[in-house]
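Okay, so here's the structure we're looking at.
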There are 4 protein chains.
Amino acid sequence: MIIVMKMGASQEEIENMVKRVESLGFRAHLSRGEERTIIGVIGDERPVDKDSLARMQGVERVVPILRPFKLASRDFQAEDTVFKLNGHSIGGKKIIVMAGPCAVESREQIIETAHLVKEAGAHLLRGGAFKPRTSPYSFQGLGEEGLQYLAEARQATGLAVVTEVMAPEQVPLVAQFADVLQIGTRNMQNYALLHAVGESGMPVLLKRGLMSTIEELLMSAEYILSHGNRRVILCERGIRTFETYTRNTLDINAVPVLKELTHLPVVVDPSHATGKWHLVNAVSRAAIAAGADGLIIEVHPNPELAVSDGAQSLRPARFAELMTELRPVAHAVGRTL
Amino acid sequence: MIIVMKMGASQEEIENMVKRVESLGFRAHLSRGEERTIIGVIGDERPVDKDSLARMQGVERVVPILRPFKLASRDFQAEDTVFKLNGHSIGGKKIIVMAGPCAVESREQIIETAHLVKEAGAHLLRGGAFKPRTSPYSFQGLGEEGLQYLAEARQATGLAVVTEVMAPEQVPLVAQFADVLQIGTRNMQNYALLHAVGESGMPVLLKRGLMSTIEELLMSAEYILSHGNRRVILCERGIRTFETYTRNTLDINAVPVLKELTHLPVVVDPSHATGKWHLVNAVSRAAIAAGADGLIIEVHPNPELAVSDGAQSLRPARFAELMTELRPVAHAVGRTL
Amino acid sequence: MIIVMKMGASQEEIENMVKRVESLGFRAHLSRGEERTIIGVIGDERPVDKDSLARMQGVERVVPILRPFKLASRDFQAEDTVFKLNGHSIGGKKIIVMAGPCAVESREQIIETAHLVKEAGAHLLRGGAFKPRTSPYSFQGLGEEGLQYLAEARQATGLAVVTEVMAPEQVPLVAQFADVLQIGTRNMQNYALLHAVGESGMPVLLKRGLMSTIEELLMSAEYILSHGNRRVILCERGIRTFETYTRNTLDINAVPVLKELTHLPVVVDPSHATGKWHLVNAVSRAAIAAGADGLIIEVHPNPELAVSDGAQSLRPARFAELMTELRPVAHAVGRTL
Amino acid sequence: MIIVMKMGASQEEIENMVKRVESLGFRAHLSRGEERTIIGVIGDERPVDKDSLARMQGVERVVPILRPFKLASRDFQAEDTVFKLNGHSIGGKKIIVMAGPCAVESREQIIETAHLVKEAGAHLLRGGAFKPRTSPYSFQGLGEEGLQYLAEARQATGLAVVTEVMAPEQVPLVAQFADVLQIGTRNMQNYALLHAVGESGMPVLLKRGLMSTIEELLMSAEYILSHGNRRVILCERGIRTFETYTRNTLDINAVPVLKELTHLPVVVDPSHATGKWHLVNAVSRAAIAAGADGLIIEVHPNPELAVSDGAQSLRPARFAELMTELRPVAHAVGRTL
């Protein structure tokens, strides 16, 4: 951490700051510039509140130097995190594809979709039983009934299941039925929930908040990792920007950035990132080409009758075409699918 | 809702859409333009998923016409919601000021601060016992112990208490100690939590998400209102933008917009909206001048030793000056303080 | 400037960087932390390209310490810039109000509006003769004819005139007719134009780009100041954010921030910042309360027939009411109007 | 265009609006909903100012239906615009790569770089002679001298040259030396400049403003097209968002969106979109996979000594590797390189 003192900060203010820094157990390193004095703080700055230092007399600003995440960083673990899920390696050379409807709507719908996405080559089945909806008047999901249908679909197809959990008290129930617990974009900083999934020991798919920086995503992963749960998959799903033509803006830069900063697997959700089914193919290819370890894609047998996200869902036949399109792209970047 | 068909949409596509619209219980109203046909959908469109209609063959886009919130709207209730809290009217002519530290740090700290802000004229005491922190390595709040200190501070000063609740299962506990339950910015779309505070019947301070639209804020209020809980206070606390000089960007426009769209009281949090104590006075004056019904301000006896948010906390003496500064501004816009 | 070396940077990389820093005429100040070495660069860093240093082997990142603007800063000139314009002091105790239509549409329209806004208490007349329009099919302004009508309106009312200049070669022409040259939001970083208005010696109203930071605004002011032209008025006019209910988001924080960082006068444009006439009053009051030195407001005798910006233009009678509303707010913050 | 009347709009207000619509030469189509009346406006709405209609009594809002661009749209021209430049087809099956330094720094630097990028397979040489810089204290480019060096580099290598023009009066000069005129991101809405390059008849590389929507980019292209100049290349170069880890956020969605909406060729600038050389490869691959027609990449023989953009420039050897990496990706999506 670097403390930049104001132009004209008094000797006393500088000395007080040095004392404060030392009282926190750090060494202070003074550097007098032409216009300003700066104080280098030597030691692990992560647990310190920068704000209170910024508030000392004579301070202009405080500049953090170390990234605030540790367990999630490549500094902590240089090699990629790879783990097995239902026979598939997540985070390895093979691209993993999760596919299925936004919401579980009925037994028939989810089992039919599961068969179709499996045939097309998907590795996991997605589908929401608990649905976070902007409006209290929208369909909120089938709840436990939906979880049971997911379990039936798993049994019928052998596909592992990823599904969302929305509250700490739902974790034990969802964990009975799911193979991967999904934390939705609006809950990325729901710390009580991060704590609960951390404690569960289950694999977690952590979606980036639509308002969250890459660093904040890694800090939320850090919450889960710090509970001893190492099986965290990060998901870039588009961020909110001023552009309104698409539902969100896929931050494709985040893919190579995350692969540099962290050892955790990174998947991309082209459905939410665009909000339009006819953009999903192009953006899926881009994600693979940029180095993503997987995709999570909304597929619905009848998008025009879907209770949610119809506009961004692929029909099964189109999904099969997409899988065919993706294979040469995966090979072009040294991956398999 | 208006459905815009693509240029060159076929007669069959148009007819299919009309049938679909009618099958949902609406009347369809066709209008053939020079380049495109549009279909007006007549009826209460709120519960319908626009996405699935957008997915029908031949559709270019679907334009919602009605605002999606109802109970929160001025259409539903024209007159302001005003309710009593500990003898003060929230949402009336008088400006309500909530003040106190970011976090409860000790019995002494919170009781001392409570006395000081009360002397300066504050109406409620704020202070967090459960703290949502970006980092798992930061101070997470004193929890129940903090709640007890808040209760002592209330007893000592007579100030009502507003404090954050972070998870549904905490609601009963926090409700024992608090007068107003605060939903923090990162939980604005934590629907399980909105459900729980809606059921509690307690007054709720709902903070706008840092990247949530005004409409989304009102939809989250709608969740609480739809559980029969009418005592909701909205809080504009700054949104995330590209500007990095300040911690957030106060959306001052949101104050008159909310006063037009909704009957609910609106308060402003200048501390989080700026992140810098020396900007709090100017922005507090602006909030009152724009028509806010109240302010929530961070005050700490020793900001340079605060465990969180020290950079944006006022010292008690400075807070007293602010109250003095605000009175003529309140009078200039026909309010009292 | 601080150079943060990567964890594990070699001794040779550190030495190379020190040599490079010294070759640029600076002193280097080494500080070895627990995880990383940092190098303080002592001297005036402003002219140095940080990018090329960031590119040296072993560097993690480069952190600038000094703000990049100089002539615009309070460090350079502590007291406020105040200058006379047509008998009014800009930047002094008195709030200055500029009012008039978005575009000059006819001789009658501009002269009528000039009389009405003068009666209501405005100090300058605004009106565009050259109009930057998103669409090539929209009205592009009356050009020189519009400038002549503005001059007639000035003669008829005695109001000084502020009008936009869009290209370097227009500067001499516009300077013949205008008292203040306006640089529009889309031209804030049109450096050829900044150069030309800097050379002109005329007072300049510099509007903040709709996605420009406060620092970038000050850098654009620096361009004008560095040509010896000291009469620059900054204008906060709303920035682009994700919020779509309003046309832009007024960055009210920017008012006190600018007053701290720079000695230049700061005015606010509530018309563009909101895009809706019914929000203009609330936001104008907020701007004055926050410390703005003036306002620029769109007023049109018949907004529903205006060729541009009708939705955000006040009728003259409403503008007169606004002036009446603003006086007590100005007094409440120790200003006059 | 759809006009949504307020709930409770009077019969007179509705009739006045119908008259106004008809007076503008349109047909009005009334549709009375349960809560609101809406009026469909039939005819080419593009030249009409929506704002003035929005200002009529009783109106809630005005919803445009037609996209405001015409010549740039697929509706106007369904097949791709393809044109020859120095023997290469722009917009065809072959991916076009433009490479070179941010700024022309010396004769040696640009000629050396030209040879190296040509050997690696680039099709055009980029390099700035007039440089838009945020700071007046930064290097502003070599000007005409730089243009002459570019011409020498062209002669030496046979590569066509793309270089930026910053002001209308520079167009004739730059047109003497360049093969493609570049409009920089800060000038995307500099309408005087768009007019001048439109008149020039030269091919134009139009960079998206860092604050501009896709629709605004197409409107700026429309300015150029409406002067009869059809050879416009669009460039997605990253937009400004809240994410600060990268210099900008590449809007990869914009690639397929533009390919759907317009017939114009689309290139991507991964250097500015990321700001970091080590992210350029991943993002370049993604751009090709998403369907871009070309890339523009910063390459410098000594990035650590570059006067600008060193941090995002590739060394020539790394650029050659990138070209090798890109070929299989191009083939995977049915293109050549």
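The values are calculated or read from the model by the stated rules, or taken from the named source; none is laboratory data. All values reported here derive from a predicted model rather than from experimental measurement. Cβ placement follows ideal geometry from the backbone for every residue including glycine, while neighbour counts extend to all protein chains displayed.
Below are the figures for this structure:
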item	result
Subset of region A:89-106 [farther than 27 Å from A:P132 by Cβ and of a type outside the set (D, E, K, R)]	A:S89, A:G92, A:I95
Residues of region D:72-98 that turn out to be in contact with a Pro (Cβ under 9 Å, 6 or more places away or on another chain) and hydrophobic (A, V, I, L, M, F, W, C), as a count	5
Positions within region B:295-318 being assigned to a helix (DSSP H, G or I) and closer than 16 Å to B:Q109 by Cα, in sequence order	B:P303, B:E304, B:L305, B:G310, B:P316, B:A317
Within region B:261-278, tally of residues that are in contact (Cβ under 8 Å) with a residue 60 or more places away in the chain and within 7 Å of chain C (Cβ to nearest Cβ)	0
Hits in region D:248-282 - residues which are in a helix (DSSP H, G or I) and of a type in the set (S, T, Y)	D:S271, D:T274
Subset tally (residues that are among the small types (G, A, S), within 17 Å of C:R61 (Cβ to Cβ) and in contact (Cβ under 8 Å) with a residue 12 or more places away in the chain) for region C:1-38	2
Whichever residue in region A:120-141 is within 13 Å of chain B (Cβ to nearest Cβ) and among the charged types (D, E, K, R) and, among such residues, is farthest from A:T157 (Cα to Cα)	A:R133
Odd one out for C:L261 among (1) within 18 Å of B:E236 (Cβ to Cβ); (2) surrounded by fewer than 24 Cβ atoms within 10 Å (Cβ to Cβ); (3) modelled with pLDDT of 95 or more	(1)
Any chance B:E325 is within 14 Å of chain A (Cβ to nearest Cβ) and at negative phi	no
Residues (at pLDDT 95 or above and of a type in the set (S, T, Y)) located in region D:227-244	D:T241
Count of residues meeting criterion [more than 14 Å from chain A (Cβ to nearest Cβ) and without any contact (Cβ under 8 Å) to a residue 60 or more places away in the chain] in region B:286-321	7
Members of region A:271-285 that are more than 17 Å from A:K93 (Cα to Cα) and of a type outside the set (S, T, Y)	A:H272, A:A273, A:G275, A:K276, A:W277, A:H278, A:L279, A:V280, A:N281, A:A282, A:V283
Strands (runs of 3 or more DSSP E) enclosed by region D:8-78 - at least 3 residues per element that are surrounded by fewer than 18 Cβ atoms within 10 Å (Cβ to Cβ), modelled with pLDDT of 90 or more and more than 10 Å from every other protein chain (Cβ to nearest Cβ)	none
Residue that is modelled with pLDDT of 95 or more, within 30 Å of C:Q170 (Cα to Cα) and out of contact with any Ser or Thr (no Cβ under 9 Å at 6 or more places or on another chain), where the choices are D:G127, D:G143	D:G143
Subset of region D:204-227 [of a type outside the set (A, V, I, L, M), under 24 Å from D:F177 (Cβ atoms) and buried (at least 24 other Cβ atoms within 10 Å of the Cβ)]	D:K207, D:S220, D:Y223
Complete set of residues in region A:141-170 that are among the aliphatic types (A, V, I, L, M) and surrounded by fewer than 21 Cβ atoms within 10 Å (Cβ to Cβ)	A:A151, A:A156, A:A160
Residue count for region B:232-247, restricted to those that are in contact with a Pro (Cβ under 9 Å, 6 or more places away or on another chain) and either more than 16 Å from C:G238 (Cβ to Cβ) or among the hydrophobic types (A, V, I, L, M, F, W, C) (or both)	4
